[in-house]
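Written out below as structure tokens is the structure these notes cover.
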Amino acid sequence: MALVGKKAPSFNAPAVINGNEVVENFSLDQYLGKKYVVFFFYPKDFTFVCPTEIIAFQDKLKAFEALNTVVIGCSTDTENSHLAWLSMPGNKGGIQGVTYPIVADVAKTIAANFGVLAGDYDLDDQGSLIFKGAPIAYRGTFLIDKEGIVRHEVINDFPLGRNIDEELRMVEALQHVEQYGEVCPADWNQKKKAIKATVESVSEYLSK
């Protein structure tokens, strides 16, 4: 079920911050009323597509920060696995240099509550608990406003890397809507005009 328009699920979980420090009770609640949040899930540490996305977010981090937005990653790996990967240089397959928080969702409850866990628990014919599917997260990305409401989400399958520039564009679009009360048409960016939510305004926009 889509989370857009709803309160982002709350959680407290271990995370690695600043690339080298483990905190035990990381929560998105610390940003309420203060920051926009881009919260993204990736499948696994020490893989192939994941580091390209994680580093791409780091490369754009200053642009997000200029928009009063924090970037936070999450996977179902442990905080120790995160820390080991963050300590490994890029030329050896690591993500050293990443400074934004990466959450450890070992219990898989955060991924499940955000609707990105690629499977579910079930019972077999003998009544034993089993897991159907993959016990890791899809590539889910959620834009959360300062009130803690999810305003945009997109979920990719495992082999499909996300577009970081598009996530940045969505932050810009949301903030434009909030500031000016206009709506953002297809392919909008900061160099293009937005429109008022009226028939006349839309007709004028389409006629150009």
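The values are calculated or read from the model by the stated rules, or taken from the named source; none is laboratory data. Quick caveat, the model's predicted, so the values are computed rather than measured. Here the Cβ is made from the backbone with ideal geometry for all residues, glycine too, and neighbour counts use every protein chain on show.
A few points about this structure:
- Sub-6 Å Cβ pairs linking a first residue in region 102-118 that is under 20 Å from HIS152 (Cβ atoms) and surrounded by fewer than 18 Cβ atoms within 10 Å (Cβ to Cβ) to a second residue that is modelled with pLDDT of 95 or more and of a type outside the set (A, V, I, L, M, F, W, C), at least 6 apart or interchain, are ASN113/PRO9, ordered by first then second residue.
- Within the set ALA134, ALA197, the sole residue that is in the same structural domain as VAL71 (by TED's automatic domain parsing) and surrounded by fewer than 18 Cβ atoms within 10 Å (Cβ to Cβ) turns out to be ALA134.
- Verdict on THR109 being at negative phi, in contact with a helix residue (DSSP H, G or I) (Cβ under 9 Å, 6 or more places away or on another chain) and hydroxyl-bearing (Ser, Thr, Tyr): no
- Filtered residues of region 73-98 (kept if surrounded by fewer than 20 Cβ atoms within 10 Å (Cβ to Cβ), among the hydroxyl-bearing types (Ser, Thr, Tyr) and over 12 Å from VAL22 (Cα atoms)): SER87
- Only one entry of LYS208, LYS146 meets the criterion of being among the basic types (Lys, Arg) and closer than 23 Å to LEU3 by Cβ, and that entry is LYS146.
- Count of region 18-56 residues which are in a strand (DSSP E or B) and either β-branched (Val, Ile, Thr) or free of Cβ contacts under 8 Å to residues at least 12 places away in the same chain (or both): 6
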